[in-house]
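All remarks here apply to the structure that follows.
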Amino acid sequence: MPLKVGVIANPVSGRDIRRVIAQANSLQVADRANMLLRALAGLAACGVAEAVMMLERGGVAGHVLRHLTQSANRGETRFPRLSFLEMPVTGTVEDSRLAARKLAGEGVAAIIVLGGDGTHRAVAAECGATPIAGISTGTNNAFPEYREPTVTGFATGLAASGAVPKDVAIAANKWLKVSIEGAPSEIALVDVAVVTEQNLGARALWRADTFRELYVTFADPQVIGMSAIAGLVEPMGRDEADGLMLRLAPAHAAAAIVRAPIAPGLVVSIGVEDWRRLPAGRAFTPALAAGSIALDGERELSFGPKRKVSIELVENAFSTINVAAVMRYAAAKGLLREGCLACA
């Protein structure tokens, strides 16, 4: 059976209110397609014979297919064969969810995901034990690390083929489980924010005076978004056992203030009352009686005094390709070299 890798590309990630109020880039369809083509080239270079892609209405798949056809007509072998999932297309996040389930069911070795935090969250929730490799194309991208897609394709191919051992190539990841009484539980890969506004409206978070609590799986001071607040208070790695919880307040009334980039080019003053480590397996209840909850930067859930809310950090929730570790291993073992450098 040929080695197969799945591809899920969100054609419309990164189109929210933060595009208006901040200085975020706006990726066009051709940009997204070119990023995917670079990842596919990396896959093929490492022995992946076939890629299976999610259908979508945004035009990314069509652009990629035209380029692959032209490449084949020139006699090139730079890319794997590309096929498409048989699935209905709704133009919503449900497409990514369904595609993740179908790809995992087909036994692909890994899934490359193009999108923002929300797209990666949808895929992680449905992919089971299949590892994912993220390529950032959203507004705020705390979960997918910024990296050249060709390198992501390289690493995914090396991991999928077994050239790099699983204990090196695959990383376990945490997520946050949010439960509201009377509703199905939801997850967040990076952060859960509790805010005072109950009307979901424009889902993206940008009004700092409404922030009251923040829970994060990791805290990286180099990222953009809500998790940047935590990263500037107490950095915490993706591979550390705990998460972090912060109590927030309006800047004018808080014990301390952190200036954090909550969107590209948008730096705001955040009031911080206190913070603590967030151990896995223990459910926490927000102090706010009514408001809404944002998952990875977008308000998804509202709650009131009669609906109990719990937030819990879950370890080993899903797996990813550890691109940095794979490429270091490949370099150390000479996996991409030919000949004897010592003899030169």
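The values are calculated or read from the model by the stated rules, or taken from the named source; none is laboratory data. Every value quoted in this text rests on a predicted model; they were computed, and no experiment measured them. Here Cβ is always computed from backbone atoms with ideal geometry, including for glycine, and neighbour counts include all displayed protein chains. Quick note on the areas: whole protein, heavy atoms, side chains included, nothing else; ligands and nucleic acids left out. Shrake-Rupley method; radii C 1.70, N 1.55, O 1.52, S 1.80 Å.
Brief remarks follow.
- Relative to the dominant Cα principal axis of the chain, helix 149-161 is inclined by about 70°.
- Listed peptides 113-123, 41-51 appear in the order 113-123, 41-51 once ranked by packing, highest mean of other Cβ atoms within 10 Å at the front.
- Crossing angle, helix 117-126 versus the chain [Cα axis fit, 0-90 degrees, rounded to tens]: 70 degrees
- The angle separating the long axis of helix 60-73 from the principal Cα axis of greatest extent in the chain is about 10 degrees.
- Amide hydrogen neighbours beyond the local backbone of residue 82, cut-off 5 Å, H modeled: 51
- Whole-Hz ³J(HN,Hα) from phi, Karplus 6.51 cos²θ - 1.76 cosθ + 1.60, for segment 238-246, glycine and proline x: 4, 8, 7, 5, 8, x, 9, 10, 10
- 5 angstrom amide H check on residue 318, placed H, neighbours 5+ away: 173
- When peptides 70-83, 252-265 are ranked by their average number of other Cβ atoms within 10 Å per residue, the highest-first order is 252-265, 70-83.
- Average accessible surface area per residue within segment 168-268, 1.4 Å rolling probe, Å²: 40 Å²
- Long-range HN-HN contacts of residue 7 with modeled amide H, under 5 Å: 52, 53, 54, 112
- Compared with the alpha-carbon gap, the fully stretched path from residue 29 to residue 172 is longer by 48.3 nm at 0.36 nm per residue.
- In the chain, the calculated helix contribution to ellipticity at 222 nm averages -8500 deg cm²/dmol per residue, counting -39,500 (n - 2.57) for every DSSP H run with n ≥ 4.
- Only lysine pairs 8 or more places apart or on separate chains count here, and in the chain those with Cα atoms under 19 Å apart total 5.
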